Amino acid sequence: MKLSKEDRYIRRRLRQGRKQAREFYYCRKYPINPKKIVFTTIEGTTGFSCNPKYIALELLKRRQDLDLVWLVDDMIKEFPAGIRKVKNTLKNRAYELSTAAVWVDNSRKQLECRKRPGQFYLQTWHASIAIKPIGLERGASFSKIARMVTEHDLRMIC
């Protein structure tokens, strides 16, 4: 039976995700730091922005003893003092997320991400003031790959 283009893409993404997940399993040898919180916005592309920004700003006001880490693709992006920028590479992402007590994100985690028992994942979503359709509410634009990534993400949030 011939696979569709989307099904071939899904198989490739699943193989890649399983391979990259090894980094997360290797990092389980490091302890979870109860004072570390890792932030990401739009998979590291947007820098200090959106809902996670306001959570981080409030934490900076209330707690100076926390290790606030922001995974970012572009290291030139500006961040306030008290937030440690980390280049968003697979190895860095695996280490920082694997050793953090809390993850704060506004978009789904990549397929390779693996949450450990005892970690907390806060998903804030990115959106404007309007109601944002997510999951099955997206109708025809909710592809098989989108569903697969969404289900992976939901298993970590719950």
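The values are calculated or read from the model by the stated rules, or taken from the named source; none is laboratory data. Quick caveat: nothing in here was measured; it's all calculated off a predicted structure. Counting neighbours? That spans all protein chains shown, and the Cβs are built from the backbone with ideal geometry, glycine included.
Annotation note: Cβ proximity below 7 Å between a residue of the range 81-93 that is closer than 25 Å to D65 by Cβ and a residue that is of a type in the set (S, T, N, Q) (sequence gap 6+ or interchain) occurs for V86/N92. Inspection of the range 106-127 finds a residue satisfying the criterion of being surrounded by 15 or more Cβ atoms within 10 Å (Cβ to Cβ), at pLDDT below 85, hydroxyl-bearing (S, T, Y) and assigned to a loop (DSSP other than H, G, I, E, B).
So for the range 86-94 (the condition being over 12 Å from T41 (Cα atoms), of a type in the set (K, R) and part of a loop (DSSP other than H, G, I, E, B)), does at least one residue qualify? No; the residues of the range 86-94 include none that is over 12 Å from T41 (Cα atoms), of a type in the set (K, R) and part of a loop (DSSP other than H, G, I, E, B). Residues of the range 20-40 that are loosely packed, with under 14 Cβ neighbours inside 10 Å and hydroxyl-bearing (S, T, Y): Y25, Y26, Y30.
Filter the range 1-37 down to the residues that are within 29 Å of P52 (Cα to Cα) and of a type in the set (S, T, N, Q) and list them by number. Once the filter is applied, which keeps residues that are within 29 Å of P52 (Cα to Cα) and of a type in the set (S, T, N, Q), the range 1-37 yields Q16, Q20, N33.
Collect the residues in the range 1-19 that are over 21 Å from the mean Cα position of the chain (by Cα) and not in a loop (DSSP other than H, G, I, E, B), keeping them in residue-number order. Show your work before the answer.
Kept after step one, since they are over 21 Å from the mean Cα position of the chain (by Cα), are these residues of the range 1-19: 1-9, 11.
Matches in the range 1-19: K5, E6, D7, R8, Y9, R11.
Quick check on the range 41-51. Is at least one of its residues assigned to a strand (DSSP E or B), β-branched (V, I, T), touching a helix residue (DSSP H, G or I) at 6+ places or on another chain (Cβ under 9 Å) and crowded, with 16+ Cβ neighbours inside 10 Å? No, the range 41-51 has no match at all.
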